[in-house]
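One structure below.
Values quoted throughout were computed directly from the atomic coordinates according to the rules given, and no laboratory measurement underlies them. Just so it is clear, the model here is predicted, and its values are computed rather than measured. Glycine also receives a Cβ, built like all others from the backbone with ideal geometry; neighbour counts cover every protein chain displayed.
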Amino acid sequence: MHIHLHTDEAGRGAGLAFKMAERGGRGSGGHGSLDKSITLPPDEIFRNLENAKRFAIDIGGSLTKLAYYSTVQHKVARVRSFDHSGKDIENEPLYEISVQEEITARLHFIKFENNYIETCLDFIKDHLVNTETQVIKATGGGAYKFKDLIEKKLGLKVDKEDVMTCLIKGCNFLLRNIPHEVFAYQKDSDTEFRFQTNHPNIFPYLLVNIGSGVSIVKVESEDKFEWIGGSSIGGGTFWGLGALLTKTKKFDELLQLASKGQHTNVDMLVKDVYGGACQTLGLSGNLIASSFGKSTTADKEFSKEDMAKSLLHMISNDIGQLACLYAKLHNLDKIYFGGFFIRGHPVTMRTITFSINFFSKGEVQALFLRHEGYLGAIGAFLKGAEQDNPNQYSWGENYAGSSGLMSTSPDVYPMQRTRSGTFDMFEMDRLERPLVNLPLLKDPSTYIPDTVDLTDDAMARKYWLTCFEEALDGVAKRAAASQPDSVDAPERAEKFRQKYWNKLQTLRQQPFAYGTLTVRSLLDTREHCLNEFNFPDPYSKVKQKENGIALKCFQSVIESLDSLGWEERQFALVKGLLAGNVFDWGAKAVSDVLECEPQFGFEEAKSKLQERPWLEDSYSQWLERLKGPPHKCALIFADNSGIDIILGVFPFVRELLSRGTEVILACNSGPALNDVTYSESLIVAERIAAMDPVIQSALKEEKLLLVQTGSSSPCLDLSRLDKGLAVLVRERKTDLVIIEGMGRAIHTNYYAALKCESLKLAVIKNSWLADRLGGKIFSVIFKYEVPCK
Amino acid sequence: MTPIGRRLRSFSRPLPEGRGRRSAPLGAGALRAVAAAVAVEERGAAQRGAGGPWDRAVRRMEPRRNGGGADEKPRRREAENPRRWNGSGTGAGSAAAGPEQCEGGGAACGLRRDSVRKNRPLFPWFGLDIGGTLVKLVYFEPKDITAEEEDEEVENLKNIRKYLTSNVAYGSTGIRDVHLELKDLTLCGRKGNLHFIRFPTHDMPAFIQMGSEKHFSSLHTTLCATGGGAYKFEQDFLTMGDLQLRKLDELDCLIKGVLYIDSVGFNGHSECYYFEHPTDTERCQKLPFNLENPYPLLLVNIGSGVSILAVYSKENYRWVTGTSLGGGTFFGLCCLLTGCSTFEEAMEMASHGDSTKVDKLVRDIYGGDYERFGLPGWAVASSFGNMMSKEKRESVSKEDLAKATLITITNNIGSIARMCALNENINRVVFVGNFLRINTISMRLLAYALDYWSKGQLKALFLEHEGYFGAVGALLELLDSA
C-alpha cells in the first residue's frame, strides 16, 4: 500500500489525501490488488488504534465509514498545593505543577472510498492490539456484501444493525452534542451555510434519507421513530438513469455534469406552454411544467450536462415535494436531509432547499447536517457501546482531529478537492462532565454565544484570521518554552504551528468548515491543536509565577480598599477588576508588553484604563443598585490568573460577601491561555483564605463556592456549562451573573440576555475590536443590565 | 428551474387585463356595414364576403347603434359576471351580447331572435384544449339539420363538417378517437354527435394555417380555447388565421368537462370506472363506477405534467399541487433511453418490458421484505437503482427501460396523489389526462398502489375520455355564453 499522505496541505484542513496506487483494481467494490508498501504511516488517519475498541462500520454504496472508541493518553498539567506549614513561604513557588498523563475517551470516525476497504482492514488488523475486541457492529447496504471480508481480515464477528435505527441514533447523538451541527443552505448568499442554534428540544423532526431510494422517518423521541413513507426516486435514480442518459459512470461526475448544464433545454417550462403570456397572467414562466418534456423527440441531440441537470432538478423537486407533503400530514416543520445524494454536495442541497421552500411556501425548512455522512457509523457504534453509556456524557467535536465540512463545488471552492482518494475524519472527545444550559438564560433556543459571526462578516473574518496567524509564532514559541525539559518540545511546537496554520488556511477558504466561524472557534481550535501536540498548558508556569506575585500584593490591596469610603471603594473595586483584566496573554497588545516589561503591574494597568465615561458605561446604575438590598447570590465567571483573579476578582467577591451576597466563582475546567483553572482557583482561594478572614469564613460556611465551568475555552458558551454549576445556580437562587474578560463578555455573550441582573465587564485589548465598537485600545466595557420585567 | 406548480387558479378569475388588446380600429366603413352583419348573424357569415376584422368590429359596434338606451344592459352583465365576459374576448362577447340588443330591432332580426331564445351560438361548435404536448379538439356535429338550414349553411361550414366527420385521421398526425365519439347528444337544443380529435401541439401552426386556408374566420364563430397554448398561440391565431380566441381557464374547463361527460354517460355506459383486483391478471376487471355524488374528489390530471385539484363542488375547487413528473417525462425519457418517437411506440415497448431488471427492489437489498418498516420485497426501493451497475446497464433491453420509466412515473404520481388525498381528507381520486391513453399498465398500477398503501382507504377512479375534458369544458363554455 502506497499511501502518500499529504497532511494538511494548504487549504485542505485535515483532509488527508490518500493516493493509493491501484493496480487494475477497478469497478465497484474494487478490492483489487493494491500495492501494499506503505510510504507513510496512515496512523495519522487511523489514530489511536492501539487502544481502540468497539468497532463499528457503515458501508454504503461507495463510501465506508469506520468508527471506533479509543482512549487517548495525553498530558495534563496538574497543580498541587505544597504543604507550607513551617516552611519559608517567601522563596517557595505557590504551588507545584506536574505534568501527568491523563486518559480520556475519544470517538474516531473515518470515511473513505470502498475501494480502500481491504487495505484499510489490513492496516487496522496490523495495528489492533486490543484483544478484548471480538465484535464489529456493521450497518449500511454494504455490510452484507463485505461481511465475509471483514470477518476474515479482522477476525472479528460482524454483528449487523438496522440501517435506519443507526441513522436515527447517530442523528440524535449529533443534534445533542455538536453545536452548529445543523445548517440551512442558502444559494445566493455570501454565507452559503446558515448554522442553526441547537434547540434544547430536538424532537420531533423528520429525517429524509436519500440513498439509492428515499426513506422518510418521523422521529419523536430518543427511541421512538416511525418510517412514514418513502420514494423510489432517489440517489440511485439519479445515478442509474443518469448513467444511462449520459454514459457517465460515476456519481460525482454526474453531479459535475449537472452543475454545468441548462435544464431549460430539456424540460418543458410553463413559459414553453403559455408563451409570453406568463407575465401578464402572473405565472412564473420558469417553473417546470414537464421534466424532460422537450426531449419527446427522436431527432434531437441533448447535451449530457443538460440532461444531468434536468434529472437533478426532477429528483430534487420530487423529493422536496414528497417531504413537504409528509411534513404537512404529520405537522412537522424541521426536515433533516441526509444520504449520499446530499452528502455536502452544494448542487443537491441547493435544489432540495429550493424545492422545500417552493412546496411549503417557506413554512418548512430544509436542514442539513455537517456530519451527515457519519450518522450510520455513529449509530452503529452507539448500539455496540451501550454498556459504556455514551449517551450519559457530553461529547465535543475535536477541531484538531476533524476534517471539517468540505465544499465540493468547484465554484465555491476553487482548489477543487476531489472526493475520491480522500480520507475524511471526525473525532469527538468525551467531556469529563455533562454540559447543560445555564438555567438563567432568557431563551435557550435563541441564545447565540458569539457576538460576531465571522462567516457572515468578511471584513472581520479577514482581520481575525490574520490576527491569529500573526500571533501563531509567539504561541508556538511559548508552547516550546513551557516544556524546557522536553527534548522534542520544539519539534512538537513546530507541528502545532503547522497544523494550526493549515486550519487557518482552510478556514480562509471554507469559513463554514466547523460551523459558524467565530473568534471563539478560532481560539478553541488553537487549544485543541495545542493539546494534540501535548502542550496541555503552555502558560502553567506563567500563571504560577503571576499568582505568586499577586498573592503577595493581596493584603496591601485589601488594606487600601478598606481605607476608602463606601462609594470610593465601589469604584476602586470595579477599577481593580478592570485593571486585572488587562493581564491577558491572549491579547497580543498585552502579551508584547508583558514579554518585555516584567515589572508591569497592577498600578501600571490601572493607568492604562480609559477614564470614565467608558465606552459602555452603566456604572452609575450599578452604583445605585448597590445602594439597594444585596443580591441573593452572584455567579462570577473569572478570566485570567494572577492579578486578575487575585487582586481584581477576589476583593470584589469579598465585598459582595460582606454585603451578604453568596458567591459562586466559576473557573474553567481545563487550561486555556493564562485563564485561571478551577484547580488553580482552589489553591488561590486557600491561600487568600489564610490571609483574609472574610474569604475564610465564606469558604467554610459555603457562602463562597468554587465551581468549574466544564469548559476549556477562553470564551464562554452559556448553553454548554457543567451540570453541577447549573444545579448550584438554581439551588442558590442566583440573581446576579458577572462575566469578566474580553473572551467571555465581548467575543461571546455581549448580547446574551439573562433572566436576572448581569454585569459584563472587560477591557478591550485589541485596537481593531475597539475601533469596531467605536473606541480605542484599553477602552472599558461596563455593561450592567436588568432584565425588563 | 422548478417544479410544475402551475398555479392556474391564480389567474382564473378574474381574468387579467389585456385580452382586449384586439380593439380593432373602427372606421366609418364599419358602421355602414352594420345592418348586413346583424342580418346574417344566425345564418352564418360566409356570405358577407369581406369578412375579417371589419365585420367583427362592426358587430361589436352594433348594439350601441341599434339598442340605444339598452346600451347599459350588456355592461351590467359584464359587471355581474366579469370572468365569463372578459374571458370571451371581444368577438365572442359581442356575438352573445348582440342578439339581446336586437330584440326591438325589427324584422331583420327574426332568426337571431330565435337564436336568442334558444341560447345558441353560431355553428361550428368547437372546444379546443392546447396542452404542452397535445392539442385536444372536440367538435359537435349537428345531426338535426333541417333542409332549410342545410340550404342556408355556408359552404365553409359544410366543408368543415364533412372533413372532420368523414375522416379518422387528419394530415399525418391528427387523429379522431372514433371509439370515444358520443352519439345522439343534445346540446343547446341541438342533437348531434360529439367528436374527439387530437394532434401534437407542435403541429399547431399547420392547424392554424389550415384554418386560414379554409377561411374559418369568415364563419364568425367563436373559438373557445383552453390550455397554455390558448395563450401561446393567441397571436398566431390572430395574425395567421384571423381568429380571435376566447381563452378559458384550464382548470375551470377541466372540471366542467369531467362533470358534464360523466353526467351524460358514455353512449349508455358509465363514463367512470375502476379496477377490481388490479394486480391479479386473472381476476382484474374494469367495473363501472357511479359518480353520481362526486364530491369531494381529488382530480389528478396527467398531461405532460400533472395537476392535482381538490373538488368540493362544481364551483368550489382548489389547485392542491402539481408535479413536473408526468406524461411528458415518461415520453421524453423513453425517447432518450430507447430512441422511440411516438407515445404508442413507447407504450408498446413498455408493455413488453420487465422493470424489475432496471429497478432495485426491496428484496434486492434485504433479500425479502423489510419487516422493520413493513416494506414488501416487491416494492421498488430505487427506481433505476440497478442501473448504477455497468453490467446490469449492459444487460437490460429497451423494453425494460421503457417499462421502468412508466412504472417510475406512475408510482410517483400515485404517491403524490395519495399524500394529497390524505392531506385533503378525500378518499376518491379520479385520474384523467392523456398519459392514461392506451395505458392500462399505469391505471392498474395506480389502482393497486392507492389501494395497497392506503390499506384500502383510497379508491382510484378513471374516466373513459381521459384527456378530452378540458376541450369539452371549453365547448361548454361556448354554449353557456350564449
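A few remarks follow.
- Local net charge near A:Thr139, Cβ-Cβ under 13 Å (Lys/Arg +1, Asp/Glu -1): +4
- Among the listed pairs A:Lys294/B:Lys459; A:Lys260/B:Lys232; A:Lys477/A:Lys765; B:Lys162/B:Lys232; A:Lys250/B:Lys357, a Cα-Cα separation exceeding 25 Å is found for A:Lys294/B:Lys459; A:Lys260/B:Lys232; B:Lys162/B:Lys232.
- Along the range B:243-248 the Karplus relation, 6.51 cos²θ - 1.76 cosθ + 1.60 evaluated at θ = phi - 60°, assigns HN-Hα couplings of 10, 9, 7, 9, 7, 10 Hz to successive residues, with x for each Gly and Pro.
- Reciprocal mean inverse distance between Cα atoms of the range A:509-591 - Kirkwood radius, Å: 16.2 Å
- Qualifying trypsin sites (Lys or Arg not before Pro) in the range B:295-376, where qualification requires a DSSP coil assignment and no more than 13 other C-beta atoms within 10 Å, comprise B:Lys314.
- Distant alpha-carbon pairs in the range A:116-192 (separation over 22 angstrom), percent: 48 percent
- Applying a DSSP loop filter and a limit of 14 other Cβ atoms within 10 Å to the trypsin sites (Lys or Arg not before Pro) in the range A:171-240 leaves A:Lys187, A:Lys224.
- Measuring nothing but alpha carbons in the range A:180-313 and taking Rh as the Kirkwood radius, the Rg to Rh ratio lands at 1.07.
- Taken as Cα centroids, the range A:478-507 and the range B:414-482 sit 70 Å apart, rounded to the nearest whole angstrom.
- Acute angle (nearest 10 degrees) that the helix A:540-562 long axis makes with the longest principal axis of chain A, alpha-carbon atoms: 40 degrees
- On the principal axes of its alpha-carbon atoms, the range B:128-184 has extents of 41, 24, 18 Å, going from largest to smallest.
- The range A:224-247 and the range A:743-789: distance between their alpha carbon centers, rounded to Å: 51 Å
- Ranked for footprinting exposure by Cβ neighbours inside 10 Å, fewest first, A:Leu626, B:Leu137 give A:Leu626, B:Leu137.
- With a 10 Å cut-off around each Cβ of B:367-375, the average count of Cβ atoms from other chains is 3.
- Using a Förster distance of 51 Å, the FRET efficiency for B:Glu150-B:Arg283 (Cβ separation, nearest 0.05): 0.45
- With kT/(6 pi eta Rh) evaluated at 20 °C and eta = 1.002 mPa s, and Rh the Kirkwood radius from Cα pairs, the range A:539-785 diffuses with a coefficient of 121 µm²/s according to Stokes-Einstein.
- C-alpha long axis of helix A:519-532 to longest principal axis of chain A, angle in °: 90 degrees
- Cα pair distances exceeding 39 angstrom across chain A, given as percent: 42 percent
- Burial ordering of A:His528, B:His179, fewest other beta-carbon atoms within 10 Å first: B:His179, A:His528
- For residues of A:222-230, the mean tally of beta carbons on other chains within 10 Å: 2
- Taking the fewest neighbouring Cβ atoms within 10 Å as the starting point, the ordered list for A:Met691, A:Met349, B:Met443 is A:Met691, B:Met443, A:Met349.
- Taking the DSSP bridge list for chain A and keeping only pairs wholly inside it, about 65 percent are antiparallel.
- Paramagnetic reach from A:Ser486 in the range A:498-523 [backbone N under 16 Å; point 7 Å along Cα→Cβ]: A:498-500
- Spatial separation of Cα centroids for the range B:199-239 and the range A:611-653, in angstrom: 84 Å
- Along its principal axes, the range A:672-747 has C-alpha extents of 36, 30, 19 angstrom, given from the largest down.
- Take every DSSP beta bridge whose two residues both sit in the range A:539-785; close to 25 percent of them are antiparallel.
- At an R0 of 51 angstrom, the distance between the Cβ atoms of B:Val264 and A:Leu149 translates into a FRET efficiency of 0.15.
- Positive-end residue, chain A charge dipole about Cα centroid, Cβ charges, pick of A:Ile315, A:Ile683, A:Ile168: A:Ile315
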